[in-house]
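The values are calculated or read from the model by the stated rules, or taken from the named source; none is laboratory data. A quick note: this is a predicted structure, and the numbers were derived from the prediction, not measured. Ideal geometry is used to build each Cβ from the backbone, glycine not excepted, and the neighbour counts take in all protein chains shown.
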Amino acid sequence: MAWFKKTRQRIAKAPKAASKIPEGLWVKCPSCAQAIYNKELIASQQVCPKCAHHFRMSALERLSMLFDLGAWTEHDSGLRSTDPLNFKGTKVYRQQLEASMKATGLKDAIICATGLLEGLPVVVAAMEYGFIGGSMNVVVGEKITRAAERALSDRQPFIIVSCSGGARMMEGAFSLMQMAKISAALGRLDRAGVPYISVLTDPTTGGVTASFAMLGDLNIAEPKALIGFAGPRVIEETIRQKLPEGFQRSEFLLEHGMIDVVVDRRELKATLGRTLRMMLGLGPATT
Ligand SMILES: [Zn+2]
């Protein structure tokens, strides 16, 4: 009986490959949940075109964005950690270092470079969150100090783009010492009248906030970046009070005088160029 039996062929399923969207073509915005075409996101400097959510940028992307024509000279790229404490926690630190080097292609959590920004010669240090949370260890500290010294000897403005969870506990006190070392180098820059601008991105916390990230002649934050010393949970447990809405975010910190200005990433390069020209007593750019 044909009524009870399916004599006709079943509808053929579409071949799998045809319905598959290639991976990485679309990105879902964590803030507005809209799907964004990846190329569009790259063109808008990793800022959601719909809600202006700022995605995290790698150090390489940051330098490509800031330097004219995406061209720069890297310095001290060979420095790597010696694991001074021979540290073993839940993970073996040496193995963690190896894995991070493989994942990022960097030797540690920062790239220091020189090049032109809006036609001005500058020194830029950009932190890499993908390398053990952008934490500051001996290598990061030494590279920033050398970059500051380079800025001083060449009398070129210095910019640090922070993106860090703070000091790296696997190098203990050696990491903490970097706070004083970098601050001293920035002090010398200050006395020589060479501008230093700090750019704080999401997240900038711990010993990085407690030292160089807050020492800029101008401290610029990206919108809604988490900036603080201790995390909100630790503070709530200590003071036994509920923290206000938006606590430790750029806009809240601007309102309370912790930072000088909040700048949309798409305006950042132009703002830096304009500000540096003003600080150096130069006229507006001619091009
Ligand atoms: Zn969005």
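The table below gives the values:
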quantity	calculated
Residue match in the range 56-78 (condition: within 16 Å of the ligand (Cβ to nearest atom) and under 21 Å from Ile132 (Cα atoms))	yes
Filtered residues of the range 101-129 (kept if surrounded by fewer than 19 Cβ atoms within 10 Å (Cβ to Cβ) and either part of a helix (DSSP H, G or I) or small (Gly, Ala, Ser) (or both))	Met101, Lys102, Ala103, Gly105, Gly119
Selection count, the range 85-100, where residues are in contact (Cβ under 8 Å) with a residue 40 or more places away in the chain and surrounded by fewer than 15 Cβ atoms within 10 Å (Cβ to Cβ)	2
Options Ser198, Ser183; residue that is among the hydroxyl-bearing types (Ser, Thr, Tyr), touching a strand residue (DSSP E or B) at 6+ places or on another chain (Cβ under 8 Å) and either in contact (Cβ under 8 Å) with a residue 24 or more places away in the chain or part of a loop (DSSP other than H, G, I, E, B) (or both)	Ser198
Any hit, the range 238-245, residues being of a type outside the set (Ser, Thr, Tyr) and in contact (Cβ under 8 Å) with a residue 24 or more places away in the chain	no
Val124 vs. criteria in contact with a Ser or Thr (Cβ under 9 Å, 6 or more places away or on another chain), modelled with pLDDT of 95 or more and closer than 23 Å to Asn86 by Cα	no
Flag for Gly172 being farther than 30 Å from Leu280 by Cα, exposed (fewer than 15 other Cβ atoms within 10 Å of the Cβ) and at pLDDT below 95	no
Condition met for Thr73 (out of contact with any Lys or Arg (no Cβ under 9 Å at 6 or more places or on another chain), in a loop (DSSP other than H, G, I, E, B) and surrounded by fewer than 19 Cβ atoms within 10 Å (Cβ to Cβ))	no
Selected residue (criterion: farthest from Tyr129 (Cα to Cα)) from residues of the range 25-55 that are in a loop (DSSP other than H, G, I, E, B) and more than 10 Å from the ligand (Cβ to nearest atom)	Leu25
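Conditions tested, residue by residue: (1) hydroxyl-bearing (Ser, Thr, Tyr); (2) under 18 Å from Gly166 (Cβ atoms); (3) assigned to a helix (DSSP H, G or I).
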{"residue": "Pro203", "(1), (2), (3)": "no, yes, no"}
{"residue": "Val208", "(1), (2), (3)": "no, yes, yes"}
{"residue": "Ala213", "(1), (2), (3)": "no, yes, yes"}
{"residue": "Gly216", "(1), (2), (3)": "no, yes, no"}
{"residue": "Ile220", "(1), (2), (3)": "no, no, no"}
{"residue": "Lys224", "(1), (2), (3)": "no, no, no"}
{"residue": "Ile235", "(1), (2), (3)": "no, yes, yes"}
{"residue": "Thr238", "(1), (2), (3)": "yes, yes, yes"}
{"residue": "Leu243", "(1), (2), (3)": "no, no, no"}
